[in-house]
Amino acid sequence: MIQTIGIIGAGQMGNGIAHVLSLAGYDVLLTDASNAQMQKALKLIEGNLERQVGRGRLDQANMLAALGRIKIVAGLPELADADLVIEAAAEDEDIKRQILTDLGPILKPEGLIATNTSSISITRLAAVSGRPEKFMGMHFMNPVPVMELVELIRGIATDEPTFTAVREVVLKTGKIPANAEDFPAFIVNRILMPMVNEAVYTLYEGVGTVEGIDTSMRLGAHHRMGPLQLADFIGLDTCLAIMQTLYEGLADTKYRPCPLLVKYVEAGWLGRKTDRGFYDYHGDTPVPTR
C-alpha cells in the first residue's frame, strides 16, 4: 500500500504534485538540489491552498492537514523508505538519468519509481533505475492543482502491480488517468507541441504578430489561451526540449523546432519564469516582444 511518496524537484511541477498528493492524504517528502527552491515551493503550496479556501473549495482544517503532510528533506537518502518516488526534475534526459541512477540503490526493494517526464522514453529512463519492472511514467499536466488529466505510461518492463498501484494514486487525487504508449511526447504533447511550434513558425515567417496569432486562436478556435501565451506559461525551454525529442525520436521534419524558438531559448527568454518570452511580463500587463 502506498502512503509515503517522495518527490524529486520542487519546481512548478513538483510543488503542484506535492499539493494534490497531500490533499489526497499522502505523506509527501519533497526534495530539491536548491533549499531556496524548496522554501519557495512550500510558500507557493500554502498560497494555492489558501486560494482554494477563499473560493470555498477547501476548508481551513483540511488545508492545515495537507500542509502538515508535506516535509522537505535534504536529499535522495531521505527518500529511502518512500513507497513511491516521483521524479519531477527538469526536462533534460541527462539530469533525469543521473537522478534515477543514484535513486535506485537507495530506495527500499519494494519501492516504486515514476517519472513526470513530458516526452522522454520511459523504457530508457527505467533501464538506469535498476528496477525497470517497478518504473513507469506519471505525467501530470501544468498547473497540477487545476488540470484533471494524468498520462500513465508503461515502459517495456513495467509490471502490472506497479501500473495498478500508480493508477490508484492518480484516482485517489481525483484526477483522470489516460493510458499512453511509450512513444516520444506520449499523447498530449505529441499533439499540443507541434501546434505551439507551428505558431512560432507563423510568427517567424511574418504571417501574424504575437498578439494577432494568440487572438486568432482564442477567438477563432475558442482556445482558453493563445499558443504563444501558452508557450510562455509552459516555458520555452521545455517546449524546445519536447520538440527536439519528437524530432530526434520520430525522424520526421514536421517536428523540426522553429529557429525562432531556439533563438529565444538561447537568449534566456524562457517565458513567465524569466519574465520575458513572447511577452514581456515586467509591467502590470504583458507586452508582446515581437
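Computed from label points 7 Å out along Cα-Cβ, the spacing between GLU46 and GLU168 is 3.4 nm. Around the amide H of ILE7, modelled in the peptide plane, lie the amide H atoms of LEU29, LEU30, THR31, ILE86, all under 5 Å away and 5 or more residues distant in sequence or on another chain. Of all DSSP bridge pairs formed entirely within the chain, close to 25 percent run antiparallel. In region 229-290, the ratio of gyration radius to Kirkwood radius, Rg to Rh, stands at 1.04 when only Cα atoms are counted.
With a cut-off of 14 Å between beta carbons, the residues surrounding PHE183 carry a summed charge of -2, where Lys and Arg count +1 and Asp and Glu -1. Work out the FRET efficiency for GLU160 and ASP284 from their Cβ-Cβ distance, taking R0 = 45 Å, and round it to the nearest 0.05. With a Förster radius of 45 Å, E is 0.30. In the chain, the alpha-carbon atoms span a convex hull of 133 Å³ per residue.
Each Lys or Arg adds one and each Asp or Glu takes one away; over the other residues whose Cβ falls under 12 Å from the Cβ of ASP280, this sums to 0. Placing unit charges on each Cβ (+1 for Lys and Arg, -1 for Asp and Glu) gives the chain a dipole about its Cα centre, and among LEU236, THR117, SER129 the Cα reaching farthest toward its positive end belongs to LEU236. Would region 1-67 count as rounded, prolate or oblate if I go by the C-alpha gyration tensor, calling it rounded below 1.5 in a/c and otherwise prolate when a/b exceeds b/c, oblate otherwise? Because a/c hits 1.5 or more and a/b fails to exceed b/c, region 1-67 counts as oblate.
Working from label points 7 Å from Cα in the Cα-to-Cβ sense, the LEU67 to MET225 distance is 2.6 nm. Projecting label points 7 angstrom from Cα along Cα→Cβ for GLU205 and ASP275 puts them 3.5 nm apart. The fraction of Cα-Cα pairs per 5 angstrom bin, counted from 0 for region 101-154, comes to 4, 21, 27, 20, 14, 11, 3 percent, rounded to whole percents.
Coordinate-derived values only; no laboratory data. It should be emphasised that the depicted structure is a prediction, and the values quoted were computed from it without experimental measurement. A quick note on method: Cβ atoms are made from the backbone with ideal geometry, for glycine too, and the neighbour counts reach across all protein chains shown.
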